[in-house]
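The values are calculated or read from the model by the stated rules, or taken from the named source; none is laboratory data. Nothing here was measured: the structure is a model prediction, and the numbers come from that model. In this analysis, Cβ positions are derived from the backbone assuming ideal geometry, glycine residues included, and neighbour counts consider all displayed protein chains. Areas reflect the complete protein model, heavy atoms only, side chains present, ligands, DNA and RNA absent. Shrake-Rupley method; radii C 1.70, N 1.55, O 1.52, S 1.80 Å.
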Amino acid sequence: MAKYIFVTGGVTSSLGKGIFAASLAKLLQARGYRVTIQKFDPYINVDPGTLNPYEHGECYVTEDGAETDLDLGHYERFLNIPTSQANNVTTGRVYQTVINKEREGAYLGKTVQVIPHITDEIKRRMLLLGKTGEFDIVITEIGGTVGDIEALPYIETLRQIRWEKEEHDTLVCHLTLIPYLKAAKELKTKPTQHSVKELQTIGVRPDILVCRTELPLTDDMRKKLALFCNVDRGSVIQALDVDTIYAVPLEMQKEHLDITVLKKLQLSADNPIDLTKWQQFLKKLRHPKGEVRIGLVGKYIELQDAYKSIHESFIHAGVSNNCDVIVEPIHSEHIDEFNVEEKLGHLQGVLVAPGFGTRGIEGKITAIKYVRENNIPFFGICLGMQCAVIEYARNVLGMKDAHSTEMDPSTTHTVIDMMEAQKKIKNKGGTMRLGAYRCDLAPNSISKKLYGSEHISERHRHRFEFNNKYLEQFEAAGMIAVGKNPDNNLVEIVEIPTHPHFVGVQFHPELKSTVDNPHPLFVGFVKAAVNFNADLKKKAEVKEGSQATANS
Ligand code: GLN
């Protein structure tokens, strides 16, 4: 029988419920428990796949091809185990199931209502992963903030689950904010008291209060919070702001969160906690030996969350290379042939980001031409790889109007074209080529060297693809398809062997980088950037040296 921990949020959104859930899970995992985390989102979209990144940040894709909330990325990066479709549920999905059942006549003439039908469906999904036998503990993060109308059915379901189960089988952690009022020079507990009251009105008493705060809580405040929010003294957990999300598990450990949770769930805390690897990672992250500056060319750069997994992958890869990766976001719409040198000339590597639609596409192509011609390490992901193909077609193969049919359906050189299987599809939601597909690597490629294997599997999210009609021409001119899907020959990776590091991938490697397993392609790219730096310096030294000889 699995135990269930629920994470709710109060006072404001963006308190970091996802990071908290992942950190708690990490601690429990480090004590030997099998843990998974799931997220319930109260919006009506069936999944976030149809949401603009400006609305909801990156769409995270699981192995089984679910388009999910970006918090699932944190879960995987922290726990190093894959999530699945079952780990992310939205109100839209719940209603869709209930309405489909109603149409099938499954409710036998009954009036279908939020309670019990919607809550029953939420309950079924909340308990699902716990019934597989694969996990000892299931952590459920409930999106939104307590008090939101749309979150009500979820809180009601959690109340029912608590009521049905033994007291020690469930637990509620309520994440809240203790704001600091500058004028009064004081931390304030009132908003937290209100949010707990709100929860209690619906019949849910939190067991643990996790308090986000800029300043340490005093003993008196802890006492006051415990008393007024009706929790034990030891269950008021301070969550101070930290320099990196990867420090949160250790901060939570300092507050004895794991022990408090295990005690309440009547689980043994005898197993010593093993976080050695995590601590080493954090130490390296905080004490880099050098730095590299890498440009991230994309069109959603105003919003960090839009490229969340890419940013995190750079952190992992930086630690592997003992260096700080400074990611410089560059808006692709602002790059043109006149300013490209000024925008990219000082960088040691450029990553061209995934994306959809025409906006900013020419800037991406211009950036790629520049890095290709100047031997700057290049990494193209999904649309970034497609742009690299378009650039090569236009500027090396002389196909001046080469394009992707996504941007220009009437182009004569359709070097990137819609996949055959996609052409009949009308619906937008959940219909791309999604999830894990196999890929075989060419023996002498950079990719093969980095993966250390000829057979890999990576996650995808796209409709368009390299047009194999042009493959021979590309390869004859020097851009090689070094990664192919063994089942249908789709091109998954292109490289230019005459360039020091030019790798474009149709899939999304950023979705598989974790603290324990930094992604080899990111590690290799950062390494190439470090080496490029060294080469540059060497060149400069040689130049200085020869000047010195000339002057003497
Ligand atoms: N828009 C491109 C396609 O659908 C690339 C998608 C992406 O970058 N994720 O193929």
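The set of residues in segment 148-183 that are closer than 24 Å to Arg222 by Cβ, open to solvent by less than 50 Å² (accessible area, probe 1.4 Å) and not in a strand (DSSP E or B) contains only Pro179. Would segment 475-487 turn up any residue that is within 16 Å of the ligand (Cβ to nearest atom) and under 23 Å from Gly357 (Cα atoms)? No, segment 475-487 has no match at all. Here Pro486, Pro497, Pro520 are screened, and the one residue that is touching an Asp or Glu at 6+ places or on another chain (Cβ under 6 Å) and of a type outside the set (A, V, I, L, M, F, W, C) is Pro486. Among the residues of segment 1-10, just one is crowded, with 22+ Cβ neighbours inside 10 Å and assigned to a loop (DSSP other than H, G, I, E, B), namely Gly10.
Only one of (1) more than 29 Å from Pro249 (Cα to Cα); (2) polar (S, T, N, Q); (3) not in a loop (DSSP other than H, G, I, E, B) is not met by Thr140, so which one is it? So Thr140 meets the others, but not (1). All conditions in (1) assigned to a loop (DSSP other than H, G, I, E, B); (2) farther than 29 Å from Pro48 by Cα hold for Lys428, with the sole exception of (2). Screening segment 216-239 for residues that are in a strand (DSSP E or B) and hydrophobic (A, V, I, L, M, F, W, C) and picking the one that is farthest from Val172 (Cα to Cα) gives Ala239.
Can you name every residue in segment 114-132 that is open to solvent by 50 Å² or more (accessible area, probe 1.4 Å), without any contact (Cβ under 8 Å) to a residue 60 or more places away in the chain, within 23 Å of Tyr75 (Cβ to Cβ) and not hydroxyl-bearing (Ser, Thr, Tyr)? Show your work before the answer.
First pass over segment 114-132, keeping only residues open to solvent by 50 Å² or more (accessible area, probe 1.4 Å): 114-116, 120, 124, 128, 131-132.
Pick out the ones that are also without any contact (Cβ under 8 Å) to a residue 60 or more places away in the chain and you get 114-116, 120, 124, 128, 132.
From what is left, the residues that are within 23 Å of Tyr75 (Cβ to Cβ) are 124, 128, 132.
Passing the criteria: Arg124, Leu128.
Of the residues making up segment 99-113, those that are open to solvent by 80 Å² or more (accessible area, probe 1.4 Å) and outside any helix (DSSP H, G or I) are Leu108, Gly109, Lys110, Thr111, Gln113. Only one residue in Leu351, Leu347 is part of a loop (DSSP other than H, G, I, E, B), farther than 19 Å from Ile480 by Cβ and open to solvent by less than 10 Å² (accessible area, probe 1.4 Å), so which one is that? None of the other options fit; the residue is Leu347. Would you say Ile294 is under 29 Å from Met407 (Cα atoms) and assigned to a strand (DSSP E or B)? The answer is yes for Ile294.
Scoring Phe314 on the criteria (1) open to solvent by less than 50 Å² (accessible area, probe 1.4 Å); (2) farther than 23 Å from Gly355 by Cβ; (3) among the hydrophobic types (A, V, I, L, M, F, W, C) leaves a single failure, condition (2). Would it be correct to say that Ile301 is within 16 Å of the ligand (Cβ to nearest atom), β-branched (Val, Ile, Thr) and under 19 Å from Phe378 (Cβ atoms)? So Ile301 passes the test.
Can you tell me which residue within segment 184-193, out of those that are within 17 Å of Ser235 (Cβ to Cβ) and outside any loop (DSSP other than H, G, I, E, B), is least open to solvent (accessible area, probe 1.4 Å)?
Thr192
Just one of Glu255, Glu214, Glu251 is in contact with a strand residue (DSSP E or B) (Cβ under 6 Å, 6 or more places away or on another chain) and open to solvent by 40 Å² or more (accessible area, probe 1.4 Å); which is it? Steps first, please.
Values: Glu255 fails: open to solvent by 40 Å² or more (accessible area, probe 1.4 Å); Glu251 fails: in contact with a strand residue (DSSP E or B) (Cβ under 6 Å, 6 or more places away or on another chain).
It is Glu214.
The residues of segment 380-411 that are out of contact with any His (no Cβ under 8 Å at 6 or more places or on another chain), farther than 15 Å from Asn467 by Cα and hydrophobic (A, V, I, L, M, F, W, C) amount to a single one, Val396. Residues that are under 11 Å from Glu121 (Cα atoms) and of a type outside the set (D, E, K, R) were ranked within segment 75-98; the one that is farthest from the chain's Cα centre (by Cα) is Val98. For segment 438-467, a residue qualifies if it is open to solvent by 20 Å² or more (accessible area, probe 1.4 Å), assigned to a helix (DSSP H, G or I) and not charged (D, E, K, R), and the qualifying residues are Ile446, Leu450, Tyr451. Considering the conditions (1) away from the ligand (no atom under 16 Å from the Cβ); (2) under 20 Å from Phe532 (Cβ atoms), Glu337 is excluded by exactly one of them, (2).
Scanning segment 19-62 for residues that are over 21 Å from Ala151 (Cβ atoms) and of a type in the set (Lys, Arg), we see that the one that is surrounded by the most Cβ atoms within 10 Å (Cβ to Cβ) is Lys26.
Tell me which strands (runs of 3 or more DSSP E) are completely within segment 468-552 and hold 2 or more residues being farther than 17 Å from Glu391 by Cα and modelled with pLDDT of 95 or more, or say none if there are none. Steps first, please.
Values: elements: 480-484, 491-495, 502-505.
Passing ranges, in order: 480-484.
Taking the listed residues Ile294, Ile245, the one that is of a type in the set (Val, Ile, Thr) and within 30 Å of Ile361 (Cβ to Cβ) is Ile294, with no other qualifying. On the stretch given as segment 371-422, residues that are more than 13 Å from the ligand (Cβ to nearest atom), surrounded by fewer than 24 Cβ atoms within 10 Å (Cβ to Cβ) and under 21 Å from Gly524 (Cβ atoms) total 3. In segment 320-332, what residues are away from the ligand (no atom under 16 Å from the Cβ) and within 21 Å of Leu383 (Cβ to Cβ)? The answer is Val327, Glu328, Pro329, Ile330, His331. Of all residues in segment 268-285, none that is part of a loop (DSSP other than H, G, I, E, B) has its Cβ atom under 6 Å from the Cβ atom of a residue that is surrounded by 17 or more Cβ atoms within 10 Å (Cβ to Cβ) and of a type in the set (S, T, N, Q), 6 or more apart or on another chain.
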